[in-house]
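The values are calculated or read from the model by the stated rules, or taken from the named source; none is laboratory data. Computed from a predicted model, the values in this text were never measured in an experiment. Positions of Cβ are generated from backbone atoms using ideal geometry, with glycine treated the same way; all protein chains shown enter the neighbour counts. We work out accessible area using only protein heavy atoms, side chains counted, and drop any ligands, DNA or RNA first. Shrake-Rupley method; radii C 1.70, N 1.55, O 1.52, S 1.80 Å.
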Amino acid sequence: MENRILLVAELGPDGHLKSSIRSLLTAAKSLKGDIDVLVWGGDTTSAVVEAQHLPGIRQVLNGSGPALADGLAEMLCALVRPLARQYTHILTAATAIGKNWMPRLAALEDVAMVSDIVGVESPDTFIRPIYAGSIWATVCCPELLKLMTVRTTAFPGLEGEGMDPVTVENLPCPAALLQSTRIAVHAHAQEGRPSLENARVVVSGGRGLGSAQHYEALLGPLADELNAALGASRAAVDLGYASNDVQVGQTGKVVAPDLYIAIGISGAIQHLAGMQTSRVIVAINKDPDAPIFAVADYGLVGDLNILVPELTAALRK
Amino acid sequence: MKILVPVKRVLDYNIKARVKADGSGVELAGLKMSLNPFDEIALEAAIRLKEAGQATEVAALSCGDAMVQEGLRTALALGADRALWVSSTEELQPLSVAKLLHAVVLREIPGLVICGKQAIDDDANQTGQMLAALLNWGQATNAAEIQVGEGRVDVVRETDGGTETLRLILPAVITTDLRLNEPRYATLPNIMKARKKPIEILTPEELGVMVEPRLKTLRVQEPPQRPAGVKVDSVATLLARLKNEAKVI
Ligand SMILES: Cc1cc2nc3c(=O)[nH]c(=O)nc-3n(C[C@H](O)[C@H](O)[C@H](O)COP(=O)(O)OP(=O)(O)OC[C@H]3O[C@@H](n4cnc5c(N)ncnc54)[C@H](O)[C@@H]3O)c2cc1C
């Protein structure tokens, strides 16, 4: 039987399709089957057009309406569930949103779900990290409907455009629920820097920075020199140096930029879980035995208060 | 209002997990086990709601073999009023645990279930959401703040872009993130007292839940290791190597 695959995309705050959809396309290719892309949101106008030009897909499904604007798990399940059994595989990115709704759908459909896959061995066998990524498990999912969240850093985005725009099927927007409502959003402004998920370079700071002032004053100029996103360890977020959405690690975001610079970060396994597949890792730490040096391609031992300004100044030249 | 807090006993977060010599699973024998850190945060949140007069009872629940009673003893020592053990030697996957929790919720009728957002062993991040689905209750995952009001709860949750506040009609399911609170430590007298408290025992059969695992782990292995790096002696050398060797700047 031919597989039928549904990829559930995400929109950025600007209403455009997030690039994670291209990683989902790469993961889906090894599943061998027809691929549909579902776009959802309060206003999907531009994202639908972008999706129509994705390479190798059959059609775009469009779920648009006010009830979907907040991305509540309950609403997403109401949107996807009526279609679910038309598919053999449904994939979405392992983001805060994906992790929120997909397990809910799995229980409604009474299927076991596979979280955070980093590899596809066959259409029913997947690799996923466990124990903060220190171990990989190869898992067989015998369900007729396979639900998976995908660690997008493990799948390079599929490039290219489709020849002709594919057709769009509009889905009925589910009715709003009283059960849960979003009453406030506190978006963290990125201050003109690239987003952590897409940046080619990430400058990440830890407890060693010592204060929120130091974090910004030392890392900000370095990030700007490199056109980098800022990241942080859990300790730095807990201490208020950085916003929660830039925490890198087991329970924060997973990133894999070309260059990751860890500054004043010891390298706890929970932090490594979020950055150890970066292409090149640089560590700056005063403790020569800090575990971060075990994963760093280049280590610089010394006081970050001296080394970071020196590095920024050297880059400026 | 009663609050139910499911807890899991896992390999302590300070211990590096290793693959068994025959590759069949993760080596746990003789290693330190602790309550899943997110479940400790969930328990702390529930206890604080009780201390603030917004809850009347905190019941902790754990599913698994006889060893999970250790985790329940810790929960009792930290301030849970009751402990429930769903006894099973089966490998319990998130969907099975959610079904067991669902059955217990139908008996206990809590107004709120507070779970950890993920267990740090399988890192699945599924059980709370699955439970909310089975109960058809609202869900708020990744909670950083919980405010209980009349018939509702407001939850500030951590998202990929910052935070957002959800208002849920009670009953509801909440899963906890790291910054919700800092859990207390159990005092020695409370640990001693907890040893003597009863643990209520249930079984999947009694609860009418099938718990056979659906997913099959074929093997576990260490992920590919990074080749060893080098220490450089100056900022100038670092930059030169990033430019000429790694070609990333
Ligand atoms: C359930 C759970 C989940 C977790 N999830 C995450 C996660 O997602 N992400 C995460 O990052 N952590 C996570 N952690 C926390 C993790 O275990 C570590 O506590 C945390 O990563 C430490 O942060 P840090 O490296 O900034 O601080 P520390 O470990 O305190 O390290 C600070 C480093 O700075 C160096 N330093 C200090 N001063 C200077 C100086 N002047 N110059 C140069 N170097 C200096 C020190 O040598 C040290 O190595 C989690 C923990 C638990 C229990």
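Details
- In region A:264-291, the qualifying residues are those that are farther than 30 Å from A:Gly98 by Cα and in contact with a Leu (Cβ under 9 Å, 6 or more places away or on another chain), and the one that is surrounded by the fewest Cβ atoms within 10 Å (Cβ to Cβ) is A:Lys286.
- Residue check, A:Ala228 more than 13 Å from the ligand (Cβ to nearest atom), crowded, with 21+ Cβ neighbours inside 10 Å and not assigned by TED's automatic domain parsing to the domain that holds A:Leu61: yes
- Selection within region B:64-116 - closer than 23 Å to B:Leu180 by Cα and hydroxyl-bearing (Ser, Thr, Tyr): B:Thr74
- When region B:171-225 is limited to residues that are in contact with a Cys (Cβ under 7 Å, 6 or more places away or on another chain) and without any contact (Cβ under 8 Å) to a residue 60 or more places away in the chain, the one that is most open to solvent (accessible area, probe 1.4 Å) turns out to be B:Lys216.
- So A:Gly206, is it in the same structural domain as A:Ala262 (by TED's automatic domain parsing) and either surrounded by 16 or more Cβ atoms within 10 Å (Cβ to Cβ) or under 22 Å from the mean Cα position of the chain (by Cα) (or both): yes
- Residues of region A:103-127 that are farther than 18 Å from B:Asn36 by Cβ, within 8 Å of chain B (Cβ to nearest Cβ) and open to solvent by less than 30 Å² (accessible area, probe 1.4 Å): A:Arg104, A:Leu105, A:Ala106, A:Ala107, A:Val111, A:Ala112, A:Met113, A:Val114, A:Thr125.
- Of the residues making up region A:180-203, those that are open to solvent by less than 80 Å² (accessible area, probe 1.4 Å), within 19 Å of A:Gly41 (Cα to Cα) and either touching a residue at least 60 places away in the same chain (Cβ under 8 Å) or of a type in the set (Lys, Arg) (or both) are A:Ser180, A:Thr181, A:Arg182.
- Matching residues in region B:155-184 - criterion: being within 18 Å of B:Leu112 (Cα to Cα), at the interface with chain A (Cβ under 7 Å from one of its Cβ atoms) and not hydroxyl-bearing (Ser, Thr, Tyr): B:Leu166, B:Arg167, B:Leu168, B:Ile169
- Answer from A:Ala93, A:Ala28 - the residue that is within 17 Å of the chain's Cα centre (by Cα), under 24 Å from A:Ile127 (Cα atoms) and away from chain B (no Cβ under 14 Å): A:Ala28
- Taking region B:198-249 as the range and being part of a strand (DSSP E or B) and more than 7 Å from every other protein chain (Cβ to nearest Cβ) as the test, the residues that pass are B:Glu200, B:Ile201, B:Leu202.
- Residue satisfying condition, being of a type in the set (Gly, Ala, Ser), without any contact (Cβ under 8 Å) to a residue 24 or more places away in the chain and over 19 Å from A:Leu171 (Cα atoms), within set A:Ala28, A:Ala112, A:Ala106, A:Ala96: A:Ala96
- Every residue from region A:86-129 that is within 23 Å of B:Leu101 (Cα to Cα) and β-branched (Val, Ile, Thr): A:Val111, A:Val114
- Of all residues making up region A:247-263, the number that are open to solvent by 10 Å² or more (accessible area, probe 1.4 Å), of a type in the set (A, V, I, L, M, F, W, C) and within 12 Å of the ligand (Cβ to nearest atom): 1
- Counting only residues that are over 18 Å from A:Ser23 (Cα atoms) and open to solvent by less than 10 Å² (accessible area, probe 1.4 Å), region A:39-62 holds 3 of them.
For (1) at negative phi; (2) in a strand (DSSP E or B); (3) aliphatic (A, V, I, L, M), each residue gets a yes or a no:
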site	(1), (2), (3)
A:Val282	yes, yes, yes
A:Leu300	yes, yes, yes
A:Pro309	yes, no, no
A:Leu315	yes, no, yes
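- In summary, A:Ala217 fulfils each of the numbered conditions (1) open to solvent by 40 Å² or more (accessible area, probe 1.4 Å); (2) within 20 Å of A:Ser20 (Cα to Cα); (3) within 15 Å of the ligand (Cβ to nearest atom) with the single exception of condition (2).
- Selection within region B:99-121 - within 13 Å of the ligand (Cβ to nearest atom) and within 18 Å of A:Ala107 (Cβ to Cβ): B:Gly116, B:Lys117, B:Gln118, B:Ala119
- Going through (1) open to solvent by less than 50 Å² (accessible area, probe 1.4 Å); (2) at pLDDT 95 or above one by one, A:Val168 falls short only on (1).
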